[in-house]
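Working notes, beginning with the structure itself.
Where a number appears in this text, it was derived from the coordinates with a stated rule and is not lab data. Remember, it's a predicted structure, so these values are computed and weren't measured experimentally. Positions of Cβ are backbone-derived with ideal geometry, glycine not excepted, and every protein chain shown enters the neighbour counts.
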Amino acid sequence: METNDDIIIEVENLVTHYGDTKVLDGVSFNVRRGEIFLIIGGSGCGKSTLLKHMCGLLRPSSGRIEFQGSDIASMDEDQLAVMQQSIGIAFQSSGLFNSMTVGDNVAMPMIEFGAVDPSLVKPLVQMKLSLVGLSQAEHLMPSDLSGGMRKRAGLARAIAVDPPLVYFDEPSAGLDPIMAAGLDELILKLNRLLGTTFVIVTHELDSIRLVADRILMLDRGKIIFLGTLAEVEKCEHERVKQFFERRPDERIEQRQLA
């Protein structure tokens, strides 16, 4: 039986507007500790907006987002800053500072949050880079790295202070299939080794099938599926079947022909 201690983040009846457009419409779900939770859906369905709300980067029109029992949506700026020290965020573009070495990028959260003894920063940076397969990259600049290496460096920074929860936006975007598969394996490794909870926005079917414990699918701002891969196979919702079978969107085709 699931208890409150099993849940790291809970979203309840989340509604968001951009102007007069409703982007998220009554979204409710939870994320369990230690799972890899994927948010999927077509372009413009609201998945990146949902991720930004869960990180505290956007305020919803209404609804609740509880992280470890505290409502993110009602926090002031100081409370949000403290909360965000407890999560890691790996951006689609890696989010590295180009003027800093890879090592300095990873060290920054340790120094900024004051969570690490200064004498331990360097060995911890080396350890985090080793975990993501970049043990020789500490003194390199981001411009010296390939796309896949930048993604790994961004992930090393996201786990710098051992957060219980890491958000990852489109980890495979811009990577070739071999690099993408390597990143998927890295996510699985960190999840199993550190017990890190991952919430990942993606549209890559191979990644979804490899790493997902549970999947949430959005369409037009509403949840149309929430469950495991095994449950996806039994789902009869047409949009879910269309996504996993890689069939064209007839709604778009009809608009183009109109």
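List, in the order given, every pair from 22/128; 47/151; 151/234; 52/128 whose Cα-Cα distance in the structure shown is over 31 Å. Mind dumping the intermediate values first?
Working: 22/128 40 Å; 47/151 20 Å; 151/234 34 Å; 52/128 25 Å.
Over 31 Å Cα-Cα: 22/128; 151/234.
Hull volume per residue, based on the alpha-carbon atoms of segment 67-196 and their convex hull, is 114 Å³. Each Lys or Arg adds one and each Asp or Glu subtracts one; over the other residues with Cβ under 9 Å from the Cβ of residue 35, this totals +2.
Solvent-free Debye calculation, one equal scatterer per alpha-carbon of segment 121-236: log10 I(q)/I(0) at 0.13 Å⁻¹ equals -0.55.
How big is the dipole moment of the chain about its Cα centre under a simple scheme where the beta carbon of each Lys and Arg is +1, that of each Asp and Glu is -1, and everything else is neutral? Debye, nearest 20, please.
Numbers: 26 positive and 36 negative charges, 88 e Å.
Here the chain has a charge dipole of around 420 debye.
The angle between the Cα long axis of helix 102-112 and the main principal axis of the chain comes to about 90°, on a 0 to 90 degree scale.
Distant-in-sequence amide contacts of residue 17, defined by a placed amide H-H separation under 5 Å and a gap of 5 or more residues or a different chain, comprise 23, 61.
If you take all other residues with their beta carbon under 14 Å from the beta carbon of residue 14, and give Lys and Arg +1 and Asp and Glu -1, the sum is +1.
Look at where the Cα atoms of segment 65-123 and of segment 163-192 average out, and the two centres are 19 Å apart.
Quick check on the chain: helices-only [θ] at 222 nm, where DSSP H runs of length 4 and up contribute -39,500 (n - 2.57) each and the sum goes over total residues. Nearest 500, please.
The helix contribution divided over the chain gives -11000 deg cm²/dmol.
Here segment 96-163 is described by how far its Cα atoms reach on the three principal axes: 31, 23, 19 Å, from widest to narrowest. Considering only 114, 44, 17, and ranking their Cα positions along the charge dipole of the chain that arises from unit charges at the beta-carbon of Lys, Arg, Asp and Glu, the one farthest toward the positive end is 44.
Once you list every other residue whose beta carbon is under 14 Å from the beta carbon of residue 153, what net charge do they have if Lys and Arg are +1 and Asp and Glu are -1? Walk me through the numbers on the way to the answer.
Values: positive: 128, 150, 151, 152, 157; negative: 104, 138, 144.
Result for the neighbourhood of residue 153: +2.
How far is helix 177-194 tilted, in degrees, relative to the longest principal axis of the Cα atoms in the chain, given as a value from 0 to 90 rounded to the nearest 10? Relative to the chain, helix 177-194 is tipped by roughly 70 degrees.
Counting alpha carbon pairs within less than 8 Å and at least 6 residues apart, what relative contact order, in whole percent, applies to segment 130-258? Present the calculation step by step, with values, prior to reporting the outcome.
On the way: 104 pairs, mean separation 21.3, N = 129.
Relative contact order here is 17 percent.
Among the listed options (1) 50, 41, 40; (2) 61, 41, 40; (3) 61, 41, 34, the one matching Cα extents along the principal axes in Å as calculated from these coordinates is (2).
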